[in-house]
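Nothing in this text is a laboratory measurement; each read-out follows from the coordinates by a stated rule. Predicted model, so just to flag it, every value in this text is computed and none were measured. Here the Cβ positions follow ideal geometry from the backbone for every residue, glycine too, while neighbour counts run over all protein chains shown.
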Amino acid sequence: MADWFIATEGVKVVKDSASLWPQIITAVSSIGAALGGVSLTHHYTRKREERAAEEKLVRERLFISTELICLLEHFADQCSDVACDAEPVKKNWSAKALPLLSLEGVEGDWRSLPPGLLFRLRNLPALNREARYVIESVFRYESPPDVAESARYQYARLGLKVLLIAWRLRRICDLPPPREGELCRRIGFILWRNRRALWRRHVQRQRKIQNDLSPDEKG
């Protein structure tokens, strides 16, 4: 009797378990669908956030690059004025009259620029001060024609660096390059021509300065 009861109950449990399987399968499917929906929603939300961040980066880069391009190309124009100065002897000459580049007033997010280009930009004022220091040294120890030539060479070289950075900014922002006949394109040719013409004299002057140093100074 007991064996029959156990067997009967076992059959009943098996039948009840079998009837529960569709419910279990439905519940598992519902949980899987819910988890899949949450994952898909998270994926699309993350994609939207990344796209919004990228669009913001592009806008910030375009904003600050536009301001920098105008500033740099204007400074390159000033450099070309120095590079083309044909007056060898100036009265009351002073390095203070030479163009000075400042990036302090530039607005925008500097972090939107590529790191390498950002370093070159931030280093331009230091290169400007270095050029002025070299010209002042020539002014103290050499004749006025040498001073004028040194100023022409230093500012031709500096102006070329500034202009190249401005053109790289145009490229990373998909801005068109200067067209034929535009002022900044003519300036680039003028700066390159003057730097090339004065480079040999600059090297000769540097060698002469090294040779004129005393043995103690060389050591």
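Just a few scattered comments:
- Placing pseudo-labels 7 Å out from each Cα toward the beta carbon at ASP174 and ALA95 gives an inter-label distance of 4.5 nm.
- Efficiency of FRET between ARG111 and VAL203 - r from beta-carbon atoms, R0 30 angstrom, step 0.05: 0.15
- GLU73, GLU60 arranged by Cβ crowding within 10 Å, fewest neighbours leading: GLU60, GLU73
- Sites GLN210 and ARG48 - FRET efficiency at Förster radius 45 Å, r taken between beta-carbons, to 0.05: 0.15
- For the pair ARG196 and SER143, label points projected 7 Å from Cα toward Cβ lie 2.8 nm apart.
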